[in-house]
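Presented below is the structure to which this report refers.
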Amino acid sequence: MAIKIKTVVTYRAKAECPTHSRTEIPVRDLNVVIDEPIERDGTNLGPTPTEAAMTALIACTNVIGHKCAHRLGVALGEVTIDADCKFDRRGVMMQEEIDVPFPEITLNVNCKTDASQDALTKVGVETAKFCAIAKLFTSAGTDLTVNWIKIY
């Protein structure tokens with residue numbers, strides 16, 4: 001009997017908020033902590049919500065990029081990702097409502113690989129189709145540029 005995998009699932013979380021800045025969110029068997037730095041009256045036990053959003057984009061690019069590369073038969077080799085993220089802090093500083101808090105993000109996905117630059121570019125095109133976090137940012141109006149770069 002074949003098992004049918006659900007294509008749409010529901011994530012649920014019940015967070016504890018022990019301070020005004022720290023949020024503890026159980027995910028699977030992990031406890032994710034999102035917090036503010038001490039200079040903003042946090043306890044510095046985890047990234048800020050906005051830092052978590054940026055790191056989620058980097059991580060999703062890594063995971064989905066590797067899946068796409070595997071599907072295309074491309075060995076990515078050693079990968080590092082550099083991010084340059086413009087963040088309009090006026091919203092979180094309560095100065096004014098900001099429609100696009102992350103107006104521009106550039107990721108450079110650096111691959112130390114024997115694959116050609118053309119192959120890496122194809123991986124990037126496919127990754128853009130499937131990276132859920134990238135889709136969130138672009139749908140929100142962020143100008144997202146992801147460069148897949150062959151490192152020699």
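The values are calculated or read from the model by the stated rules, or taken from the named source; none is laboratory data. Because the structure is a prediction, the values reported are computed rather than measured. Don't worry about glycine lacking a Cβ; one is built from the backbone with ideal geometry, like all the others, and counts go over all protein chains shown. Accessible surface areas use protein heavy atoms only, side chains included; no ligands, DNA or RNA. Shrake-Rupley method; radii C 1.70, N 1.55, O 1.52, S 1.80 Å.
Per-structure values
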item	result
Within the chain, percent of DSSP bridges classed antiparallel, to nearest 5	60
Theoretical FRET efficiency, 1/(1+(r/R0)^6), r = Cβ-Cβ of Arg12 and Thr50, R0 25 Å, to 0.05	0.60
Cα pair count fraction exceeding 20 Å, expressed as % - the stretch 1-67	47
Note, ³J(HN,Hα) from phi for the stretch 126-142, Karplus 6.51, -1.76, 1.60, rounded to Hz, x at Gly and Pro	5, 4, 4, 6, 10, 6, 4, 6, 4, 5, 4, 4, 5, 5, 7, x, 5
Candidate aspartates and glutamates for bridging to Lys135, where Cα separation is under 16 Å - those fewer than 8 sequence places away on the same chain excluded	Glu104, Glu126, Asp143
Rounded to 5, percent antiparallel among DSSP beta bridges of the stretch 74-152	50
Out-of-range pairs (alpha-carbon distance over 22 Å; input Lys14/Lys86; Lys67/Lys122; Lys6/Lys122; Lys86/Lys150)	Lys14/Lys86; Lys6/Lys122; Lys86/Lys150
Environment charge at Pro47 (Cβ cut-off 10 Å; Lys +1, Arg +1, Asp -1, Glu -1)	-3
Ratio of Rg to Rh over the stretch 82-150 (Cα coordinates, Kirkwood Rh, two decimals)	1.10
Accessible surface, the chain, averaged per residue in Å² (probe 1.4 Å)	70
222 nm mean residue ellipticity, helices alone, for the chain (DSSP H n ≥ 4; -39,500 (n - 2.57); rounded to 500)	-10000 deg cm²/dmol
Relative contact order [Cα under 8 Å, 6+ residues apart], the stretch 1-128, whole percent	17
For the chain, the longest site-free run once GluC sites (Glu not before Pro) in DSSP loop states with at most 15 other Cβ atoms within 10 Å are removed	1-95
Amide H contacts of Val146 (H built 1.01 Å from N, under 5 Å, at least 5 apart or other chain)	Leu107
Length released on extending from Ile38 to Arg89, taking residue separation times 0.36 nm less the Cα-Cα span	16.6 nm
Of the trypsin sites (Lys or Arg not before Pro) in the stretch 60-113, those whose Cβ has at most 12 other Cβ within 10 Å and which sit in DSSP loop	Arg89, Arg90
Among [x] -0.97; [y] -1.21; [z] -1.10, the entry derived from the coordinates for log10 I(q)/I(0) by the Debye sum over Cα atoms at q = 0.17 Å⁻¹	[z]
Carbon plus sulfur fraction of accessible area for the chain, probe 1.4 Å, in percent	56
Charge tally in the Cβ shell below 11 Å around Trp148, where Lys, Arg are +1 and Asp, Glu are -1, Trp148 excluded	0
